[in-house]
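J.: Pasting in a structure now, in structure tokens, and then I'll have a few things to ask.
Values quoted throughout were computed directly from the atomic coordinates according to the rules given, and no laboratory measurement underlies them. All values reported here derive from a predicted model rather than from experimental measurement. Cβ atoms come from the backbone with ideal geometry, glycine included; neighbour counts cover every protein chain shown.
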Amino acid sequence: MSDGQSMRQAASWPAEIGQQHGARGPDQTAAVEAAALNKWFGSFHALKDINLAVPQGGRIVICGPSGSGKSTLIRCVNGLEPFQSGTVRIGGVDLTRDQKQLQKIRRSVGMVFQQFNLFPHLTVMANCTLALRRVLGKSRTEAADIAAHYLERVRIPEQAHKYPAQLSGGQQQRVAIARALCMNPKIMLFDEPTSSLDPEMVKEVLDVMIDLAADGMTMLCVTHEMGFAREAADQVVFMDQGSIVETASPATFFAAPSQERTRLFLDKMLR
Amino acid sequence: MNFDFAFAASTVPTILGVIGTTIGVAVLSCAGASILGFSFEIARRAGSVPGYLMRFAIDFIRSTPVLAWLYFLYFVLPHWGVTLPALVVGILGLSIYFSGYLAEVFKAGIDAIPKGQAEAAKALGLNRIDVVSFVLAPQMLRNVAAPVGNHFVSILKATPYLAVIAVPEMLGSALDIASNTYRYAEPLTVVGIVFLVLALAIAQGVNMLERKLLGPTNR
């Protein structure tokens, strides 16, 4: 993990973490930093001493066999999953169990789920504006403008009035991405965003994610899409049995992985 | 025996004369049972001691006959100095009895919401109250609309039990007519038809509500 360690630097995060729609300064605090993170489900040791630092603008792909703890790790980052020891810092702020503080941090951390988790009783537009209005206190028209902007960005502005069930899986996932982007997050978490999509819809979602990466969004992404890792990631993290086995640049990771377990995994994935 | 339509028609005003009581008791009992049932279910979810007590209470309520509740509230409570008017006993009894069933309906309605819904709402930074009021409650409502409607029909059909504590409702007044005239078929048929019309009206209302809640998609 020496890679990760070297990225930790002591500069400050913008004073107000909930600050929205402001410019992203050239700030050097790690966007996400997990240190000595341990998590148990009952007696099952799901995360073992995880150390991971995501620099601002970093695009990290986490891969590994199922049950290796990838999703658990990413869910710890925004406090959806409690952990027993270690620290998680978002922009230099320690994650605690304090609800108010969690809510504040979550505003700046967007999350996209494997199952989309759009709100089925709300239109696409209302899915996107709910948090803008309830969390950020935007007016109806202001929120609608922001939502329209991001729906445009994920290339489905024409679906705004529809309900999630009227959309294809790929469209739903793009709405979910737009919904998260509406909060102008500093970090985006993706938890296997294409795993429940039909094959022909994977690309439209990956394309949106690649655009985001190109725009400099800080991304932490659990995925089995090795093509995406190659194209968009600047670091690939391989996890197995709750530990980080290897961290490398995509070029090194795919061409010359240093660990035997990584090699075995890649052998199975890349055929 | 021949059915006397003219006599049947003559019983209608008497029977409809107390339809207000029937409807009033039914509406208030539906409201009472829903509020109690929902509160019971929330308490049951609290877990630990209140949760276990509530689980027992809900099972207890569901396994006792509605008549037992009415008799208990009407004849036993006064021994402890609590004397309630028959109408109040009726509404209270039906509310308690059906709250047990509605608690189960609300449980199913809440359990049916995927866990990811609350997670997505929390991940957007919504506080707990907003997660419940804007994401979970609306989805619970659409899940429970149909079964709650069924129980509302059951509550309506249980109002004749109130005859045993002398609340003037439709079945009771039909029986009064019958015992005075020795003709049972006509008044009972009229009562049956009135209940049928009321039940169909509730079912129709619930249908419309459910369609509205589900929106344009038949999820």
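J.: Arranged from highest to lowest average of other beta-carbon atoms within 10 Å per residue, in what order do the peptides B:87-97, B:205-215 appear?
T.: Details: B:87-97: 22.6, B:205-215: 14.1.
Descending packing order for the listed peptides: B:87-97, B:205-215.
J.: Pairs A:LYS70/A:LYS162; A:LYS162/B:LYS157; A:LYS100/B:LYS107; B:LYS115/B:LYS212: which are spaced more than 31 Å apart, C-alpha to C-alpha? Mind showing how you got there, number by number?
T.: Details: A:LYS70/A:LYS162 33 Å; A:LYS162/B:LYS157 40 Å; A:LYS100/B:LYS107 28 Å; B:LYS115/B:LYS212 24 Å.
Flagged as over cut-off: A:LYS70/A:LYS162; A:LYS162/B:LYS157.
J.: Here's a follow-up. If each DSSP helix of 4+ residues adds -39,500 (n - 2.57) and the sum is divided by the residues in the protein assembly as shown, what number results at 222 nm, nearest 500 deg cm²/dmol? Can you show the working numbers first?
T.: Values: 19 runs with 260 residues, N = 490.
Computed ellipticity for the protein assembly as shown at 222 nm equals -17000 deg cm²/dmol.
J.: Arrange the following residues from fewest to most other Cβ atoms within 10 Å of their Cβ: A:GLU200, A:GLU142, A:GLU225, A:GLU81.
T.: Values: A:GLU200 10, A:GLU142 14, A:GLU225 22, A:GLU81 17.
Taking fewest neighbouring Cβ atoms as first place, the list is A:GLU200, A:GLU142, A:GLU81, A:GLU225.
J.: Would you mind giving the mean number of other chain beta-carbons within 10 Å of the Cβ of each residue in A:162-172, as a whole number? Each step should come with its number before you reach the end.
T.: On the way: counts 2, 5, 2, 6, 4, 0, 0, 0, 0, 0, 0.
Across A:162-172, the average partner-chain Cβ count within 10 Å equals 2.
J.: Using only the Cα atoms of the protein assembly as shown, what semi-axes does the equivalent ellipsoid have when each is the square root of 5 times a gyration tensor eigenvalue? Give whole Å, largest first. Present the calculation step by step, with values, prior to reporting the outcome.
T.: On the way: eigenvalues 725, 116, 77 Å².
Equivalent-ellipsoid dimensions as semi-axes: 60, 24, 20 Å.
J.: Hey, got the average number of other protein chain Cβ atoms within 10 angstrom for residues in B:137-143?
T.: Working: counts 1, 4, 4, 0, 1, 2, 0.
Counting Cβ atoms of other protein chains within 10 Å of each residue's Cβ and averaging gives 2.
J.: Using a Förster distance of 25 angstrom, determine the FRET efficiency expected from the C-beta separation of A:GLU200 and A:LEU270, and round it to 0.05.
T.: Numbers: r = 21 Å, r/R0 = 0.84.
Efficiency at R0 = 25 Å is approximately 0.75.
J.: Starting from the 7 Å offset along Cα-to-Cβ, what nm value, one decimal, do you get for the label separation of A:THR87 and B:PHE60?
T.: Result: 5.1 nm between the two label points.
J.: Here's another thing I want to ask about it. Would you mind putting B:182-191, B:29-38 in packing order, based on average other-beta-carbon counts within 10 Å, highest first? Write out the running numbers ahead of the final one.
T.: Numbers: B:182-191: 17.7, B:29-38: 21.0.
Top of the packing list down: B:29-38, B:182-191.
J.: Students often check this: by mean Cβ neighbours within 10 Å, which of A:88-101, A:67-80 ranks highest, and how do the rest follow? Don't jump to the answer; show the numbers that get you there.
T.: Values: A:88-101: 15.7, A:67-80: 22.9.
Averaged packing, sorted descending, gives the order A:67-80, A:88-101.
J.: Next question, about the same structure. Suppose every Lys and Arg Cβ carries +1 and every Asp and Glu Cβ carries -1, with no other charges. What dipole size does the protein assembly as shown come out with about its Cα centre, to the nearest 20 debye?
T.: Values: 43 positive and 38 negative charges, 101 e Å.
Charge dipole, the protein assembly as shown, about its Cα centre: 480 debye, nearest 20.
J.: For the pair B:ALA166 and A:GLN101, what calculated FRET efficiency results from E = 1/(1 + (r/R0)^6), where r is the Cβ-Cβ distance and R0 = 56 Å, to the nearest 0.05?
T.: Details: r = 60 Å, r/R0 = 1.08.
E(calc), rounded to 0.05, equals 0.40.
J.: Determine, from the Cβ-Cβ distance of B:ARG211 and A:ALA251 and an R0 of 60 Å, the FRET efficiency 1/(1 + (r/R0)^6), rounded to the nearest 0.05. If you can, show how the numbers build up before the last one.
T.: Values: r = 56 Å, r/R0 = 0.94.
According to the calculation, E is roughly 0.60.
J.: If you line up the long axis of helix A:140-153 against the longest principal axis of chain A, both from Cα atoms, how many degrees apart are they, to the nearest 10?
T.: 50
J.: Follow-up question, since we're still on this one. If we count other beta carbons within 10 Å of each Cβ, what is the order of B:LYS107, A:LYS39, A:LYS268, fewest first? If you can, show how the numbers build up before the last one.
T.: Numbers: B:LYS107 17, A:LYS39 22, A:LYS268 8.
Arranged by neighbour count, lowest to highest, B:LYS107, A:LYS39, A:LYS268 become A:LYS268, B:LYS107, A:LYS39.
J.: Please give the contour-minus-distance gain from A:HIS224 to A:ARG155: 0.36 nm per residue of separation, less the Cα-Cα distance, rounded to one decimal in nm. Each step should come with its number before you reach the end.
T.: Values: separation 69, 0.36 × 69 = 24.84 nm, distance 2.37 nm.
Fully extending the segment from A:HIS224 to A:ARG155 adds 22.5 nm.
J.: Rounded to whole Å, give me the distance from the Cα center of region B:72-93 to that of region B:97-120.
T.: Between the Cα centres of region B:72-93 and region B:97-120 lies a distance of 31 Å.
J.: Just the Kirkwood number for region A:141-193, please: inverse of mean 1/r across all distinct Cα pairs, in Å, one decimal.
T.: Values: mean 1/r = 0.0872 Å⁻¹.
This gives a value of 11.5 Å.
J.: Moving on to the next point. Between the helical axis of A:199-214 and the dominant principal axis of chain A, each derived from Cα atoms, what acute angle in degrees is found, rounded to the nearest 10?
T.: 90
J.: If I model a spin label as a point 7 Å beyond the Cα along the Cα-Cβ vector, how far apart are those points for B:SER179 and A:GLU260 in nm?
T.: In this crude label model, B:SER179 to A:GLU260 measures out at 9.2 nm.
J.: Other chains near A:111-120: what is the mean number of their Cβ atoms within 10 Å of each residue's Cβ? Please list the in-between numbers first.
T.: Details: counts 5, 2, 4, 1, 6, 2, 10, 3, 9, 11.
Mean inter-chain Cβ contacts per residue within 10 Å come to 5.
J.: Work out how much length B:TRP80 to B:LEU16 would gain on full extension: take 0.36 nm times their residue separation and subtract the Cα-Cα distance, in nm to one decimal.
T.: Numbers: separation 64, 0.36 × 64 = 23.04 nm, distance 3.65 nm.
Extending this stretch completely gives an extra 19.4 nm.
J.: If you bin every alpha carbon distance in region B:77-219 into 5 Å steps from zero, what whole percent lands in each bin?
T.: Distribution as computed: 2, 8, 13, 13, 14, 12, 11, 9, 7, 5, 3, 1, 1, 0, 0 percent.
J.: Roughly how tilted is helix B:19-45, in degrees to the nearest 10 and between 0 and 90, from the longest Cα axis of chain B?
T.: Computed tilt is about 30 degrees.
J.: Let me ask another. Work through the residues other than B:LEU94 whose Cβ is under 15 Å from its Cβ and net out their charges, Lys, Arg +1 and Asp, Glu -1.
T.: +1
J.: What distance in nm separates the two pseudo spin-label positions at B:LYS157 and B:ALA9, each 7 Å out from Cα along the beta-carbon direction?
T.: With each label placed 7 Å out from Cα toward Cβ, I get 3.0 nm.
J.: Ok, one more. Using only the alpha carbon atoms of chain A, find the Kirkwood hydrodynamic radius as the inverse mean reciprocal pair distance, in angstroms to one decimal.
T.: Here the Kirkwood hydrodynamic radius works out to 19.0 Å.
J.: Would you list the P(r) distribution for region A:191-271, with all Cα-Cα distances sorted into 5 Å bins from 0 and each bin expressed as a whole %?
T.: Percent of pairs per bin, in order: 3, 14, 25, 24, 18, 12, 3.
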